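Structure first, commentary second.
The values are calculated or read from the model by the stated rules, or taken from the named source; none is laboratory data. Note that the structure is a prediction, hence the values are computed from the model and not measured. Virtual Cβ from ideal backbone geometry, glycine too; neighbours counted across all protein chains shown.
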Amino acid sequence: MGGFFGVTSKSDCMVDVFFGTDYHSHLGTRRAGMAAYDEKIGLQREIHNIENSPFRTKFENILNEMKGKAAIGCISDTDPQPLLIRSHLGTFALCMVAKINNLDELIEKHLSESGGHFDAMTGGKINSTELVAAMISQKSDFVEGIRYVQDMIDGTCSILILKEDGNLIAARDKMGRLPILIGKGEDGYCVSFESFAYSKLDYADEYELGPAEIIELSPDKITQLAAPGQEMRICAFLWSYYGYPTSRYEGVNVETMRYRNGKIMAANEMEAGTMPKLDYVCGIPDSGTPHAMGYAAKSKIGFARPFIKYTPTWPRSFTPANQKERNKVAKMKQIPVHELIEGKDLLFVDDSIVRGTQLGETVEFLYENGAKSVHMRSACPPIMYGCKYLNFSTSRSDMELLARRVIQDLEGDEGQKYIDEYSDSNTERGKALRKVIAEQFNFDSLEFQTLEGVIEAIGLEPCKLCTYCWNGKE
């Protein structure tokens, strides 16, 4: 997916932007970049590939190479960024977090109308960040240009711009599917995707942008350039999986949401009388763990960690691109605690079940180490639709999703008409889905959190949440 961080300050801010950007490393594994503005040097930029080593190792010398009182940094799971752009709006650096579904259409439209050109990458691919910069530069000012981008893009686009006067412009995506937060420090302001990133750098909570809102930051003040829209659809999956535990979105902390979510799941099972006989409740590390802790607390069943992930060599933000190698690395990470597995009835809570590519190996690993039974719970509903708005999944087709494949196996194309029924565990189709997946992965039982349970755990009004991946509703 990706994330960004920026600072405009009365003093050199490169240390803050280095660490603030590094704190977004869990959001992407492909590219990272930083840009800075210094009154004498002007705009500077560095971009590195982070597929084989983390951000901090590629940018550890950046404090000797760049300086400035204003800077931005980004982690990108798409194209290299930030880019330095020179246009009639001036010279500026731009980075973004975006998914542009109509990229080719917008490229052709721009080329036909402008008669200009783009810098092509290998295979003729065009950097989507350059397209967005070009679209902004078609208009008379940044606000008009950003509004144009927000209106034309099918998907999502949040933008951070560093101007040549040292000010920052931040624009949240049109429907507010992703967060943008502002922190206030002693010498200026920062912009961040993750709230904890600036709190660790001694910035205090100052402001959270609304959907489609555009602001400009100087070291002394926040200026609203465009008011927020009325509708918001922030991604509910941020709390379930992608968000870092210490972050807050719309005032709701990720870790506490996950804990509440687990408690709600356990309460539902206790009420339905479907709670299995268990020795321990466990989480699939890392993001499944707080869901499991909530489940254990409500059910009054002991929480345990029957296996530990070995992360010093392969942290979550540093994983191979090849699926086969990812599976191998995932298996190598799992170090068993035999006393907590052998002869035990275990229930695991995972944050989600998307493709199920690693579940089979995890269950096999547990049985190989003597587990008596393995029950699986998903902390969110069955994922039925590939995300149209964020790059959290690389699915090219909905049929790559485990739940949709099972539906196809059960009923063929006819079954795709009854996705809502398959999501609901109270229907015959819903029971069949769970039974087939459980048999396929050798679970003794399987259940998913309800959509209502996830919404209750987040605590925002349903109309403010994007739940497209679960129910297909935009």
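The C-beta contact set for region 367-385 (first residue without any contact (Cβ under 8 Å) to a residue 24 or more places away in the chain, second residue surrounded by fewer than 24 Cβ atoms within 10 Å (Cβ to Cβ), distance under 9 angstrom, 6+ apart or interchain) comprises 368/336.
Just one residue in the set 216, 206, 255 is charged (D, E, K, R), in contact with a Lys or Arg (Cβ under 8 Å, 6 or more places away or on another chain), farther than 22 Å from residue 340 by Cβ and at pLDDT 95 or above; that residue is 206. When residue 87 is tested against (1) closer than 23 Å to residue 153 by Cα; (2) within 19 Å of the chain's Cα centre (by Cα); (3) of a type in the set (Ser, Thr, Tyr), exactly one condition is not met: (2). When region 456-473 is filtered for residues that are surrounded by fewer than 20 Cβ atoms within 10 Å (Cβ to Cβ) and under 18 Å from the mean Cα position of the chain (by Cα), only 464 remains. Of all residues in region 214-234, one or more are under 26 Å from residue 45 (Cα atoms) and within 22 Å of the chain's Cα centre (by Cα).
As a summary of the residue check, residue 339 satisfies the conditions (1) assigned to a helix (DSSP H, G or I); (2) within 24 Å of residue 469 (Cβ to Cβ) except for the one numbered (2).
Assess whether residue 242 counts as being of a type outside the set (Lys, Arg), crowded, with 21+ Cβ neighbours inside 10 Å and within 15 Å of the chain's Cα centre (by Cα). Working first, answer last.
Details: of a type outside the set (Lys, Arg): yes; crowded, with 21+ Cβ neighbours inside 10 Å: no; within 15 Å of the chain's Cα centre (by Cα): yes.
Considered against the rule, which asks whether it is of a type outside the set (Lys, Arg), crowded, with 21+ Cβ neighbours inside 10 Å and within 15 Å of the chain's Cα centre (by Cα), residue 242 comes out as no.
If you go through region 48-86 and keep only what is in contact with a Pro (Cβ under 9 Å, 6 or more places away or on another chain) and modelled with pLDDT of 95 or more, you end up with 69, 70, 72, 73, 74. Summed over region 237-295, residues that are over 28 Å from residue 391 (Cα atoms) and either part of a helix (DSSP H, G or I) or free of Cβ contacts under 8 Å to residues at least 40 places away in the same chain (or both) total 14.
Take the conditions in contact with a Cys (Cβ under 6 Å, 6 or more places away or on another chain) and surrounded by fewer than 24 Cβ atoms within 10 Å (Cβ to Cβ) and apply them to residue 233. Does it pass?
Details: in contact with a Cys (Cβ under 6 Å, 6 or more places away or on another chain): yes; surrounded by fewer than 24 Cβ atoms within 10 Å (Cβ to Cβ): yes.
Yes.
So, in region 174-220, how many residues would count as being of a type outside the set (Ser, Thr, Tyr) and assigned to a strand (DSSP E or B)? Lay out the reasoning, then the answer.
Just the residues of region 174-220 that are of a type outside the set (Ser, Thr, Tyr), to begin with: 174-188, 190-191, 193-194, 196-197, 200-202, 204-206, 208-217, 219-220.
Applying the additional criterion that residues be assigned to a strand (DSSP E or B) yields 181-184, 188, 190-191, 204-206, 208, 214-217.
Final tally of qualifying residues: 15.
Only residues in region 438-463 that are more than 13 Å from residue 423 (Cβ to Cβ) count as the first member; pair them with residues that are hydroxyl-bearing (Ser, Thr, Tyr) and surrounded by 17 or more Cβ atoms within 10 Å (Cβ to Cβ), Cβ under 7 angstrom, at least 6 apart or cross-chain, and list the lot. Pairs found: 438/445; 444/373.
How many residues are under 24 Å from residue 110 (Cβ atoms), part of a strand (DSSP E or B) and either more than 16 Å from the chain's Cα centre (by Cα) or of a type in the set (A, V, I, L, M, F, W, C) (or both) when one looks only at region 147-173?
Applying the first criterion (under 24 Å from residue 110 (Cβ atoms)) to region 147-173 yields 147-164, 169-173.
Within this subset, residues satisfying the condition of being part of a strand (DSSP E or B) are 155-163, 169-171.
Those left that are additionally either more than 16 Å from the chain's Cα centre (by Cα) or of a type in the set (A, V, I, L, M, F, W, C) (or both): 157, 159-163, 169-171.
Selection size over region 147-173: 9.
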